[in-house]
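Single-structure report; data block below.
Only the coordinates and a few stated rules stand behind these numbers; no lab work does. None of these values were measured; they are calculated from a predicted model. Every residue, glycine among them, receives a Cβ derived from its backbone with ideal geometry; neighbour counts consider all protein chains shown.
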Amino acid sequence: MDTLDRAEAFLWTNARLLDRRRFELHFRGGDPARVIDAVRGYVNADGGFGHALEPDLRGPESQPVPVEVALAVMDETGALDEELVAGCLRYLESISRADGGVPWLLPTSSPRAPWWEPATGLPGSLNPTASIAGLLLKHGVRHPWVDRATDFCWSALGEVSEPEAYDVLAVLKFLDHVPDRARAEAVWATLSAAVPSVVDADPEAEGDTHGPLDFATHPGSLARSLFADDVIEGQLDALEQRQKPDGGWDFSFPSWTPITRPEWRGWVTVGSLLTLRAYGRLAP
């Protein structure tokens, strides 16, 4: 069996319907509407998303990061569902802070990973505001929330000196898609100097680490310029070799309850295949 066949067998055996649909879409000519239907299963009446769409947030209630996940999956189909986006914007407006950003996490009593704790005062956060705004901007969504979030991101980026890895990942989605390209490239020129400190180039590193391909997931990303060609090629070699005997890819961050391992592995497996294809390691 080749790489795709092995991955498909893993996904059918272990993964959520959402990630099975993503695989079908990208590698088996699947219908984008079926992916959107899978996303729709996680939506709430307030327009937000919950129900463990982000596997480490197990509760049903809406949270900001699952909105980012929903938009990212819709983005994979090539278009955002208008009804779901309208709900997202309604929800985002309801939870936005005065500065225009949304918090990383709202208070919740639902089961969640121990590292998910609301910040004191629930301030607006680049993660996930920048990711959400970037995905909406990519698809040309015009709305007052997007305008306010964009202003928040520009302002917050001016204060970043020692970003964390997740902040950089969120900011990249914003900078890759915000229309003001000159400003985006200028901000990235400054911010990128701090990025090497959050990159672990060892493909066998344990724990919650991030390698070059986590930032430069495709050749067109602003982050691609940070890494030499031989570094990227070596990372791609290692990524290919990390496919497990069962056909899936694994992850190095903690799994705090048994169900999250297969759920995350399904997500990571599809993401690994997409990265390999983006760099020409899999047939289009």
Using a simple charge model, +1 on the beta-carbon of Lys and Arg, -1 on the beta-carbon of Asp and Glu, nothing else, what dipole does the chain show about its Cα centre, in debye to the nearest 20?
680 debye
Dipole of the chain (Lys/Arg Cβ +1, Asp/Glu Cβ -1, origin at the Cα centre): which of Val268, Ala70, Gly87 lies farthest to the positive side?
Gly87
Please go through segment 195-284 and write out the trypsin sites (Lys or Arg not before Pro) that DSSP classes as loop and that have at most 16 other C-beta atoms within 10 Å.
Arg242, Arg281
Hey, what did segment 109-172 get for relative contact order, percent, Cα under 8 Å, at least 6 apart?
49 percent
Base-10 log of normalised Debye intensity for segment 179-249 (one unit scatterer per alpha-carbon) at q = 0.22, 0.26 Å⁻¹
-1.02, -1.26
Only Cα pairs under 8 Å and at least 6 apart count here; give the relative contact order of the chain as a rounded whole percent.
18 percent
Taking Rh as the Kirkwood radius computed over alpha-carbon pairs of segment 32-125 and applying Stokes-Einstein at 25 °C with viscosity 0.890 mPa s, one gets a diffusion coefficient in µm² s⁻¹ of 181 µm²/s
Cα atoms only, the chain: Rg and Dmax in Å?
18.2, 54
If the label point is 7 Å along Cα→Cβ of Arg261, which residues in segment 11-35 have backbone nitrogen under 15 Å from it?
14-15
With θ set to phi - 60° and the Karplus curve 6.51 cos²θ - 1.76 cosθ + 1.60, what are the ³J(HN,Hα) couplings of segment 160-169 in order, to the nearest whole Hz, using x for Gly and Pro?
7, 10, 10, x, 8, 4, 5, 5, 4, 4
Rounded Å value of the spacing that divides the Cα centres of segment 239-284 and segment 88-121
28 Å
Could you give me the ³J(HN,Hα) list for segment 224-235, computed from phi with Karplus coefficients 6.51, -1.76, 1.60 and θ = phi - 60°, whole Hz, x at Gly and Pro?
4, 5, 6, 10, 5, 4, 5, 5, 5, 5, x, 5
Sparse-neighbourhood loop hits (GluC sites (Glu not before Pro), segment 195-245; DSSP loop; Cβ within 10 Å at most 14 others) -> Glu204, Glu206
Order by protection proxy (mean Cβ within 10 Å, highest first), peptides 61-73, 23-35:
61-73, 23-35
Where the only charges are on Cβ atoms (+1 Lys, Arg; -1 Asp, Glu), what is the dipole of segment 31-198 about its Cα centre, to the nearest 20 debye?
100 debye
Would you report the distance distribution of C-alpha pairs in segment 31-198 as whole percents per 5 angstrom bin, up to the bin with the largest distance?
1, 9, 18, 22, 21, 16, 9, 4, 0
Would you mind calculating the relative contact order of segment 31-198 from Cα pairs under 8 angstrom and at least 6 residues apart, reporting the percent as a whole number?
18 percent
For segment 62-115, max minus min Cα coordinate along each principal axis, in Å, sorted largest first?
34, 27, 16
If the label point is 7 Å along Cα→Cβ of Ala33, which residues in segment 79-95 have backbone nitrogen under 16 Å from it?
79-84
